[in-house]
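Report on one structure; see the data block that follows.
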Amino acid sequence: MSASDQSVAQAADAEAVPAGTSADNGEFAIRVHGLRNALGTHVVHENLDLDVRRGEILGVVGGSGTGKSVLMRAIIGLQIPDAGTIEVLGQSITDARDDAEISIRSRWGVLFQGGALFSTLSVAENVEVPLREFYPEIDYDLLAEIARYKVLLTGLSGDAGAKFPSELSGGMRKRAGLARALALDPELLFLDEPTAGLDPIGAAAFDHLILGLQHTLGLTVFLITHDLDTLHEICDRVAVIADKRVIAVGTIPELLALDHPWIQEYFRGPRGRAAMVAHGMTDTTASAAKA
């Protein structure tokens, strides 16, 4: 149950292109094509395409109500799409009829907003939940050892494992949820607004934690966020959801060179400009990407 030491080569950054248009013929951890999601009569996604490269941290952004979390839930099999195909690590998710048919669930971990910890279980017991589900034969002592290792891996102290979620700060709950997401040594990590509600120092520390874990464990990270500093600091590429689909995927300089009004408003608005300055980026950078 040790952490995977498999190294995953980082793909070279590609010029921003319409989502789903492959920049190369390398392997993809996630492939979404022609996706349609509707909640009742409300169509959330229509003909949405997205490829996520192995070993990258992909940020996913979009306005409120654009279906960022719905997309993530569809990818992990919690939302049944009305049309389209989803492949994760080479296996079809859309063809599966129930959870039992999604045999690769043990190969991904998910950190939902707020951590989604079981309030009546300690941190260590929360981490043990997926281990008990997938490896019921593991004895108590080994379960406790693995849980303790995962808790320490996320930067929590050793005694945090015995605490209950109500005894933790917001940042500690995020880390505890991350420890549970890493319990099975996943290849894929899904993060839904992981820095929401954290102060700037805590958010920056969590960003560096994710980046360090991604490098150490060779993770592919699907990261939903509104945090512009997170996008600049740790994301290899950013996917933008608007108009019911992913309108572009690329590095931030590449996206800045595009003319779509939402992209310009988001990345060049007051907060976007502040993030650019903080990370040493100017309009000259975007112009160079466009050229």
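One table, with the values for the structure above:
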read-out	value
Positions within region 60-77 being touching an Asp or Glu at 6+ places or on another chain (Cβ under 9 Å) and among the hydrophobic types (A, V, I, L, M, F, W, C), in sequence order	72
Unique match (being modelled with pLDDT of 95 or more and crowded, with 17+ Cβ neighbours inside 10 Å) among 8, 44	44
Filter result for residue 54 (at pLDDT 95 or above and under 30 Å from residue 131 (Cα atoms))	yes
Selection within region 87-109 - part of a loop (DSSP other than H, G, I, E, B), of a type outside the set (D, E, K, R) and either at pLDDT below 75 or over 26 Å from residue 175 (Cα atoms) (or both)	90, 93, 94, 96, 102, 103
Residue match in region 110-133 (condition: assigned to a strand (DSSP E or B) and of a type in the set (A, V, I, L, M, F, W, C))	yes
Matching residues in region 120-140 - criterion: being surrounded by 15 or more Cβ atoms within 10 Å (Cβ to Cβ) and among the acidic types (Asp, Glu)	125, 128
Any chance residue 220 is buried (at least 23 other Cβ atoms within 10 Å of the Cβ) and at pLDDT below 95	no
Close pairs from region 64-87: first in contact (Cβ under 8 Å) with a residue 40 or more places away in the chain and farther than 15 Å from residue 47 by Cα, partner in a helix (DSSP H, G or I) and not aliphatic (A, V, I, L, M), Cβ under 8 Å, at least 6 apart	76/105; 79/73
Residue count for region 185-204, restricted to those that are without any contact (Cβ under 8 Å) to a residue 40 or more places away in the chain and either among the hydrophobic types (A, V, I, L, M, F, W, C) or in contact with a strand residue (DSSP E or B) (Cβ under 8 Å, 6 or more places away or on another chain) (or both)	4
Selected residue (criterion: nearest to the chain's Cα centre (by Cα)) from residues of region 155-179 that are aliphatic (A, V, I, L, M) and crowded, with 18+ Cβ neighbours inside 10 Å	178
Any hit, region 137-152, residues being assigned to a helix (DSSP H, G or I), at pLDDT 95 or above and aromatic (Phe, Trp, Tyr)	yes
Matching residues in region 228-244 - criterion: being farther than 16 Å from residue 190 by Cα and either crowded, with 22+ Cβ neighbours inside 10 Å or hydroxyl-bearing (Ser, Thr, Tyr) (or both)	228, 240, 241
From 152, 182, 143, 117, residue being without any contact (Cβ under 8 Å) to a residue 24 or more places away in the chain, surrounded by 14 or more Cβ atoms within 10 Å (Cβ to Cβ), over 30 Å from residue 43 (Cβ atoms) and touching a Gly at 6+ places or on another chain (Cβ under 8 Å)	152
Tally of residues being touching a Lys or Arg at 6+ places or on another chain (Cβ under 8 Å), under 22 Å from residue 217 (Cβ atoms) and touching a residue at least 40 places away in the same chain (Cβ under 8 Å) across region 120-133	5
Looking only at region 263-277, and only at residues there that are of a type outside the set (Lys, Arg) and over 23 Å from the mean Cα position of the chain (by Cα), the one that is farthest from residue 226 (Cα to Cα)	277
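The values are calculated or read from the model by the stated rules, or taken from the named source; none is laboratory data. Just so it is clear, the structure is predicted and the values come from calculations on it, not from any experiment. Please note: Cβ atoms are built from the backbone with ideal geometry, for glycine as well, and neighbour counts cover all protein chains shown.
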